[in-house]
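Notes to accompany the following structure.
Since every read-out is calculated from the coordinates, none of them should be taken as a lab result. On a predicted model such as this, the values are computed, not experimentally measured, just so you know. Cβ placement follows ideal geometry from the backbone for every residue including glycine, while neighbour counts extend to all protein chains displayed.
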Amino acid sequence: MREWICGCCGRWRVSVELIHGRYRYRLVRRYPARFGGGKDVLGEVGTVVELDDLLRRHTPLTLADLHETEAA
């Protein structure tokens, strides 16, 4: 599975998850290990337009700030 990570710090991640038979974009904020690690799911949406809105509401990022990588 692939995911998209912000290019600035790697803290913000977007993955595509199959939830109840539908693909959803999931926005997650990850915490560094020095702060105890972990993650917060900030939202799940079904379209790229909704993902762009979710990013604007919860992060300082736009879609252009994300780059694709292999999920860990």
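Observations on the model:
- Only residues that are out of contact with any helix residue (DSSP H, G or I) (no Cβ under 6 Å at 6 or more places or on another chain) and outside any helix (DSSP H, G or I) were counted in region 38-72, giving 17.
- Residue check, T69 hydroxyl-bearing (S, T, Y) and either in contact (Cβ under 8 Å) with a residue 12 or more places away in the chain or touching a Gly at 6+ places or on another chain (Cβ under 9 Å) (or both): yes
- Summed over region 1-37, residues that are under 21 Å from E70 (Cβ atoms) and not in a strand (DSSP E or B) total 10.
- If only residues of region 1-45 that are touching a Gly at 6+ places or on another chain (Cβ under 7 Å) and of a type in the set (D, E, K, R) are counted, the one that is surrounded by the most Cβ atoms within 10 Å (Cβ to Cβ) is R24.
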